Every structure is written in structure tokens, then in C-alpha cells.
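The values are calculated or read from the model by the stated rules, or taken from the named source; none is laboratory data. If you're wondering where the values come from, they're calculated on a predicted model, not measured in any experiment. Glycine also receives a Cβ, built like all others from the backbone with ideal geometry; neighbour counts cover every protein chain displayed.
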Amino acid sequence: MIIDGKQIAQQIRQELREEVAAAVAQGKRAPRLGIVIVGHNPASETYVANKMKACAEVGIDAQRIALEETISEAELLREVERLNHDASIDGFIVQLPLPAHICEHTITSAIDYRKDVDGLTPENVGRTAQGLPSIVSATPRGIRELLARYNIPTDGQHVVVIGRSNIVGKPMASLLMQKHERGNATVTLCHSHTKHLKEICLTADIIIVAVGHPGLLTADMVREGATVIDVGINRVPDPNSPKGYRLCGDVDFEQVAPKCAFITPVPGGVGQMTIASLLQNTLQVYGYIR
Ligand code: NAD
């Protein structure tokens, strides 16, 4: 069965729209999200535009804070501090990547974890790892939501996560191993130095791939009846497409899909959920503060 991320994301947006409308009807101001973008990276511009649109759709007041490519790290830190103390902003994100002269870790670490709706601060990452209330980074939160809404159990299941990035692989593994009904999985985290990847994948009930290599997960690595979650977003040249490229994931979808109980497509799978989770995180911090 193909998991319809687009439909679930729509459902979530509808739920959030109702939640915001109910809060506003009670006289509260609308939730407010700050989106800091530095420079003119075209992919970042597109992501930010999509986030702004999604916010507008559910009634979140999103403020785009555009800063020059040449901004210094110290100036950007001051902007983060300003947002940390601005009581009219419930949460904010600093769109990554940042220009090379700015250390991303320094910037994300400076965000007040109670406003960190990307869930990237060491505080939120650590709290998630310890099973404490936290803001979970958007893509892992979205994947957990997809599994839950499709009634795909994780309890006692062997989940293989491929990729150890701070935004997907590591927080995903951390979430799924928690003592929680949506966790309780036996997790194996694989990465570029992993030996015998195929043999490990063949023992998985659920495989979550977040690498960025088209076709990395092939049919001979997946056992019958497994669930496959494809996080990868890759552009591959396609002369038949007006844009000259098409998007694909890390999974050889055509060959792998027939073996799976559930599989996410690219596009239309996990990507849709990432923005929906950012909206959920924004409502979460709005709830803390109001
Ligand atoms: P990354 O690019 O920071 O790192 C890639 C990871 O893959 C590394 O941890 C590395 O160890 C591992 N890796 C590399 N080669 C490997 C191999 N041959 N075998 C096993 N592991 C290998 O990771 P990222 O930022 O999580 O991005 C991964 C992919 O997910 C990219 O395509 C990215 O565009 C996509 N992504 C999608 C979403 C979404 O919303 N769908 C969100 C974030 C990232």
C-alpha cells in the first residue's frame, strides 16, 4: 500500500486550522512564527515560500525575516536574541543552510529551546533523547505521525534507519527507541561506514532511508511485507520534464514497492509531512506560552 503523505498532511492542516480558529474565537491572538532567511539560496526561497503558504492556510501568522547574505555571525546572533525575547513571536526557525562564513551550530544553539520549532537545539535534541517533553524536529515527527495514522506499529519492531544526520537519522532513531507507544522499537542506525547494510536491512520490519542517493535501497535489501519510508529528495536529470529534472527518493520504488506492506512515494510522501510537522510544532509552542 502506498502511504499518501499529501492526504495526511492535508488532514493535519485541517485539524490545525480548526485549533487556531477555536483559539482565536476565544479572543487569543493567532499563533506567530518567525522565519529567518539569510541570502538568496533558490531552494531555501522555495522552502520558505511553501512554509509561508502552509502557515497562511491554517491561520498562523508567519513573518519572513530576510537578511543579507553578507550579515556577520554576530549580527545574526543578535537577531536570534531579539526573536528569543520578542513576546509576540511564539516560535521561529532559521532556514538552513546558512552562508559558509556562519556556523550553523552556533546559530541553532542560540535559539531559545522553547521557541525552537525546528527542534534542532541541543536542549530539544537532548530532551527528546531522554524522553522528556520536547519539540521534535519536523521530519522525524512527520514520519512518526505517518506510521501512527496508518496504524503501523513500532512496538517491538526492528527499525533500520539509514543516515545519521542531525535533522533526520539521529532524531528519528532517538524517537523510535523511546519507551512510548509510538516508540518501543529495536533500532539499528546505519550510515556510510556500516558493513553488511543489505543483511541488516533484510532483518528489518521498517526501513527508513535518509541518505540522498537515488536508488540506494534496492529490492534485494527488503524482505516481503516490510514497510519502507523514503526520506531522500534527489533531483535527477529528465529531458522529458519541463524543468529538465524530476524528483526521486533513495529507494528503487518500482522494484521495492511490490514487496512492501507500506511504502512512501517521492514526491507525495515524507516531504509533505515535514511542513505539516512544523505547523504542529508552532501550535505546540503557542500552547506553552498562551
Ligand atoms: P545528510 O545529507 O546530512 O547525510 C547523509 C547521511 O547518509 C550521512 O549520515 C551518511 O552517513 C549516510 N550515508 C551516505 N552514504 C551512505 C551509504 N552508502 N550507505 C549508508 N549510509 C550512507 O542527510 P540528511 O540531511 O538527512 O538528508 C538525506 C536526504 O534526505 C537528502 O536527500 C535530503 O534532501 C532528504 N531530506 C528530506 C527531507 C524531507 O522532508 N523529505 C528532510 C530532510 C532531508
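Below is a table of values for the structure above.
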{"read-out": "Of all residues making up the stretch 59-95, the number that are farther than 18 Å from Q280 by Cα and in contact with a Ser or Thr (Cβ under 8 Å, 6 or more places away or on another chain)", "value": "2"}
{"read-out": "Selection from the stretch 126-164 of residues that are crowded, with 22+ Cβ neighbours inside 10 Å and farther than 23 Å from G91 by Cβ", "value": "L147, T154, V159, V160, V161, I162, G163"}
{"read-out": "Which numbered condition I167 misses (of (1) of a type in the set (V, I, T); (2) surrounded by 15 or more Cβ atoms within 10 Å (Cβ to Cβ); (3) at pLDDT 95 or above)", "value": "(3)"}
{"read-out": "Top-ranked residue of the stretch 9-32 - restricted to ones that are within 20 Å of the chain's Cα centre (by Cα) and more than 12 Å from I60 (Cα to Cα), ranked as surrounded by the fewest Cβ atoms within 10 Å (Cβ to Cβ)", "value": "Q14"}
{"read-out": "Meets criteria (within 23 Å of the chain's Cα centre (by Cα) and over 30 Å from E104 (Cα atoms)) for T186", "value": "yes"}
{"read-out": "Count of residues meeting criterion [under 16 Å from the mean Cα position of the chain (by Cα) and either of a type in the set (K, R) or buried (at least 17 other Cβ atoms within 10 Å of the Cβ) (or both)] in the stretch 252-290", "value": "19"}
{"read-out": "Helices (runs of 4 or more DSSP H) contained in the stretch 196-290 and holding at least 3 residues under 30 Å from V20 (Cα atoms) and near the ligand (Cβ under 10 Å from one of its atoms)", "value": "270-289"}
{"read-out": "Selection status of G249, at negative phi and crowded, with 22+ Cβ neighbours inside 10 Å", "value": "yes"}
{"read-out": "Filtered residues of the stretch 178-231 (kept if farther than 22 Å from L146 by Cα and surrounded by 23 or more Cβ atoms within 10 Å (Cβ to Cβ))", "value": "M221"}
{"read-out": "Unmet criterion (only one of (1) over 19 Å from the mean Cα position of the chain (by Cα); (2) at pLDDT 95 or above) for I35", "value": "(1)"}
{"read-out": "Which listed residue, of C55, C103, is among the hydrophobic types (A, V, I, L, M, F, W, C) and in contact with a strand residue (DSSP E or B) (Cβ under 9 Å, 6 or more places away or on another chain)", "value": "C55"}
{"read-out": "Where a residue in the stretch 207-231 is on the phi > 0 side of the Ramachandran plot and its partner, wherever it lies, is away from the ligand (no atom under 15 Å from the Cβ) and not acidic (D, E), with Cβ under 8 Å and at least six apart", "value": "G225/K259; G225/C260; G225/A261"}
